[in-house]
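Trainee: There's a structure below that I have some questions on.
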Amino acid sequence: MADRVVVTIGTRKGVFVAEAPKTRRGFKLRGPSGPGVPVYSTLVDTRGKPRIYASSCNPFFGMKILCSTDLGKSFKETKSAPAFPKDDGRALANIWSLEMGDAKNELWCGVEPASLFRSRDGGDSWEMVPGISNHEHARKWEPGAGGLCLHTIVRDGNRVHLGISTGGHYLSEDGGQTFRASNKGVGAGFAPDPYPEFGQCVHKIARHPAAPGRLYMQNHGGWADWTGPGGPRPNIGVLRSDDYGRSWRSIAAGLPTDFGFPIVVHPKDPDTVYVLPLEPGTRTCPGGAPAVWRSENGGGTWSRLGRGLPKKEAYFTVLRDGMTIDGLTNPAVYFGTTTGQLWVGRDGGEKFDLLFDSLPPIHNVKVAVV
Amino acid sequence: MGSAEPRVTIHLTAPLRPYAGGASRLEIEASTLKAALQTLERSQAALYRNICDETGALRRHLNVYVNADNIRDLGGLETTLAAGDVLTFLPAVSGG
């Protein structure tokens with residue numbers, strides 16, 4: 001019986017795991033695990049006996065995948081990490097995304113430089129997915145501030161949505177064999193063409209399993225005052241698709257800024273979506289007063305959720321994988337900051353409490369009920 | 001007839017030992033650093049992946065020493081090795 005909430009926290013200095021009963025009171029922290037190097041991706045694999053995976057992005061000795069079969073009490077390296085073929089010319093620079101596949105022990109992994117890998121044995125061996133890794137656009141993508149990363153993998157049967165910064169949204173409808181750029185309505189503020197075929201700086205894509213045709217995107221916004229070629233591009237930062245990602249439209253009206261990194265969907269309601277707006281220039285909380293913003297009507301209107309959060313002088317950033325939501329009936333929203341705080345917003349984010357206030361800078365937060 | 005290649009020692013710092021079965025030293029025969037790495041690629045694949053990336057390049061934040069000298073002050077990958085030389089792979093002092 002699933003009776004524990006497990007939160008994985010990927011930080012600049014390794015991975016932490018927090019565990020609590022379903023009441024989400026009394027979280028106990030374990031870690032840091034790993035060799036003290038950045039962890040950009042974690043995954044709680046809930047198929048069968050739970051496993052926790054973490055990328056270990058070692059600048060000295062290369063990328064590794066860590067796996068725990070005891071809910072984070074110990075981690076071991078898998079037998080290998082993703083690697084480009086020797087004659088490819090590219091070398092793995094970071095591991096940004098780990099997701100479960102359909103088959104038991106199947107994993108998908110997004111990396112930098114933007115490419116996709118797949119394991120069929122729980123991470124012990126990996127094969128490159130050529131349909132996107134060798135896509136005709138792949139050598140034309142350019143790195144965003146975080147590097148040229150394939151950071152988002154959203155799967156729905158044969159449909160696979162990928163988020164690439166800066167490449168945009170790519171869609172496969174044949175299980176990952178082939179991909180096409182699918183960015184109609186996705187704006188870019190850093191190129192003369194405001195709506196290019198590809199090359200957008202997508203920050204995160206999310207969807208609800210019960211509404212697979214509906215997707216939400218946090219794109220690189222903050223271009224309302226742009227005075228360069230093509231003119232201002234307001235509200236290109238928060239988007240929605242109702243046709244499986246073939247086209248997108250803005251839902252940013254009503255937010256304090258359309259810039260941000262994460263976007264999260266309520267586990268029970270496809271109309272409820274959360275973002276965490278940031279000042280586009282500094283990428284910190286607007287006015288020093290952080291807040292999660294929630295829409296309960298698919299982005300039609302937004303409301304501010306700031307109860308319990310600092311009211312002033314808080315200038316952290318929450319990165320693209322820094323916010324998540326658990327799957328309980330009355331879910332809690334969790335977010336981790338670049339200043340090392342982990343916040344929980346129980347009752348759907350109505351009130352936030354600080355769980356841990358002095359962790360290393362947080363890259364990634366995932367949660368599962370196990 | 002014996003091998004013409006000089007016998008050198010690879011000193012493994014603690015983070016690298018798990019990838020060489022726990023060994024702190026390896027003895028190999030190689031006349032250049034490049035040849036030493038090729039030998040490691042064949043005989044110690046897990047260790048090699050920690051030292052070189054998929055393209056065969058030395059990892060960017062590793063310093064390689066032959067005895068007390070950094071290979072960047074010698075001949076890089078073409079640095080010649082003599083019998084008894086000690087190779088050491090050390091993380092560059094960086095980060096925070």
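What follows draws every value from the coordinates through simple rules; no lab data is involved. From a predicted model like this one, the values you see are computed outputs, not experimental measurements. Counting neighbours? That spans all protein chains shown, and the Cβs are built from the backbone with ideal geometry, glycine included.
Trainee: Taking the Cα centre of the stretch A:17-156 as origin and charging only Cβ (+1 Lys, Arg; -1 Asp, Glu), how large is the dipole, in debye to the nearest 20?
Mentor: On the way: 20 positive and 16 negative charges, 146 e Å.
Dipole about the Cα centre, nearest 20: 700 debye.
Trainee: Can you give the average number of partner chain beta-carbon atoms within 10 Å of each beta-carbon in peptide A:54-67, as a whole number? Intermediate values should be presented prior to the final figure.
Mentor: On the way: counts 0, 0, 0, 0, 5, 8, 15, 12, 9, 2, 2, 0, 0, 0.
Mean inter-chain Cβ contacts per residue within 10 Å come to 4.
Trainee: Per residue of B:51-58, what is the mean number of Cβ atoms on other protein chains within 10 angstrom of that residue's Cβ?
Mentor: 4
Trainee: Something else: Given R₀ = 60 Å, FRET efficiency for A:ALA314-B:GLU29 by Cβ-Cβ distance, to 0.05?
Mentor: Calculated value: 0.50.
Trainee: Return the average number of partner chain Cβ atoms within 10 angstrom of each residue Cβ along peptide A:81-92. Each step should come with its number before you reach the end.
Mentor: Details: counts 1, 1, 3, 3, 1, 4, 2, 2, 2, 3, 8, 2.
Mean partner shielding for this stretch: 3.
Trainee: With a 10 Å cut-off between alpha carbons and a GNM built on chain A, which of A:TYR244, A:TYR53, A:TYR40 moves the most?
Mentor: Evaluated over chain A, the most mobile residue of the options is A:TYR244.
Trainee: Collect residues whose amide H, placed 1.01 Å from N in the peptide plane, falls under 5 Å from the amide H of A:SER125; neighbours closer than 5 in sequence don't count.
Mentor: Residues meeting the amide H criterion: A:ARG120.
Trainee: If amide hydrogens are placed 1.01 Å from N in the peptide plane, which non-local residues have theirs closer than 5 Å to the one on A:GLY245?
Mentor: Here A:LEU215 satisfy the definition.
Trainee: Report ³J(HN,Hα) in whole Hz for each residue of the stretch A:363-368, in order, from the Karplus equation J = 6.51 cos²θ - 1.76 cosθ + 1.60 where θ = phi - 60°; Gly and Pro get x.
Mentor: 9, 8, 9, 10, 9, 8
Trainee: Using a Cα-Cα cut-off of under 18 Å, which lysines could be cross-linked to A:LYS184, ignoring same-chain neighbours fewer than 8 residues away?
Mentor: A:LYS204
Trainee: What does the charge count near B:THR13 come to, summing +1 for each Lys or Arg and -1 for each Asp or Glu among other residues with Cβ under 15 Å from its Cβ?
Mentor: Here the charged neighbours net out to +3.
Trainee: If you don't mind, another one. Select from A:GLY345, A:THR329, A:VAL370 the residue farthest towards the positive end of the dipole of the stretch A:307-370; place +1 on Cβ of Lys and Arg, -1 on Cβ of Asp and Glu, and compute about the Cα centre.
Mentor: The Cα lying farthest towards the positive end belongs to A:GLY345.
Trainee: Same structure again: Under unit Cβ charges (Lys, Arg +1; Asp, Glu -1), what dipole magnitude, rounded to 20 debye, does the stretch A:261-370 have relative to its Cα centre? Mind dumping the intermediate values first?
Mentor: Values: 11 positive and 11 negative charges, 32 e Å.
It comes to approximately 160 debye.
Trainee: Ok, one more. Name the most mobile residue of A:ALA93, A:ALA83, A:ALA210, meaning the one with the largest mean-square fluctuation, in a Gaussian network model of chain A with Cα contacts below 10 Å.
Mentor: Result for chain A, Cα springs under 10 Å: A:ALA210 fluctuates most.
Trainee: For A:ALA20 and A:ARG304 in the same chain, what is the full-extension length gain: residue separation times 0.36 nm, less their Cα-Cα distance, in nm?
Mentor: Working: separation 284, 0.36 × 284 = 102.24 nm, distance 2.72 nm.
Extending this stretch completely gives an extra 99.5 nm.
Trainee: To continue, here is another question. Just the number, please: percent antiparallel of the DSSP beta bridges in the protein assembly as shown, rounded to the nearest 5.
Mentor: Working: 109 of 114 bridges.
Around 95 percent antiparallel, to the nearest 5.
Trainee: As a test of the formula, what do you get for the protein assembly as shown when each DSSP H run with n ≥ 4 contributes -39,500 (n - 2.57) and the sum is divided by the residue count, at 222 nm and rounded to the nearest 500 deg cm²/dmol?
Mentor: One gets -1500 deg cm²/dmol as the mean residue ellipticity at 222 nm.
Trainee: With springs only between Cα atoms under 10 Å apart, run a GNM on chain A and tell me which of A:ALA20, A:ALA114, A:ALA54 wobbles the most.
Mentor: Result for chain A, Cα springs under 10 Å: A:ALA20 fluctuates most.
Trainee: Work out from phi, with θ = phi - 60° and the Karplus expression 6.51 cos²θ - 1.76 cosθ + 1.60, the ³J(HN,Hα) of each residue of the stretch A:75-91, listed in order in whole Hz, and give x for Gly and Pro.
Mentor: The phi angles translate into 10, 10, 5, 5, 5, 7, 10, x, 8, 6, x, 4, 8, 6, x, 9, 10 Hz.
Trainee: Sticking with this structure for a sec: Subtract the Cα-Cα distance of A:LYS351 and A:GLU106 from 0.36 nm times their separation in residues, and report this length gain in nm to one decimal. Each step should come with its number before you reach the end.
Mentor: On the way: separation 245, 0.36 × 245 = 88.20 nm, distance 3.70 nm.
Contour length minus Cα-Cα distance gives 84.5 nm.
Trainee: While we're here: Please give the charge dipole size of chain A, origin at the Cα centre, charges +1 on K and R Cβ atoms and -1 on D and E Cβ atoms. Round to the nearest 20 debye.
Mentor: Working: 44 positive and 36 negative charges, 169 e Å.
It works out to roughly 820 debye.
Trainee: In addition: How much FRET efficiency would the formula 1/(1 + (r/R0)^6) give for B:SER43 and A:ASN330, where r is the Cβ-Cβ distance and R0 is 56 Å, rounded to 0.05?
Mentor: The computed FRET efficiency comes out at 0.45.
Trainee: May I pose another question? Given N residues in chain A, what is Rg(Cα) / (2.2 N^0.38 Å)?
Mentor: Cα Rg divided by the expected 2.2 N^0.38 Å: 0.92.
Trainee: Using the Karplus equation 6.51 cos²θ - 1.76 cosθ + 1.60 (θ = phi - 60°), what ³J(HN,Hα) coupling, rounded to whole Hz, does each residue of the stretch A:12-24 give in order, writing x for Gly and Pro?
Mentor: Per-residue couplings from phi come out as 6, 10, x, 10, 10, 10, 10, 9, 8, x, 5, 5, 6 Hz.
Trainee: Among A:PRO38, A:HIS208, A:PRO196, whose Cα lies farthest out toward the positive end of the dipole of chain A, if unit charges sit on the beta carbon of Lys, Arg (+1) and Asp, Glu (-1)?
Mentor: The one lying farthest along the dipole's positive direction is A:PRO38.
Trainee: OK, next. What is the set of long-range amide H partners of A:GLY340 at a cut-off below 5 Å, with H atoms built 1.01 Å from backbone N?
Mentor: Those qualifying (amide H under 5 Å, at least 5 residues apart or on another chain) are A:ILE362.
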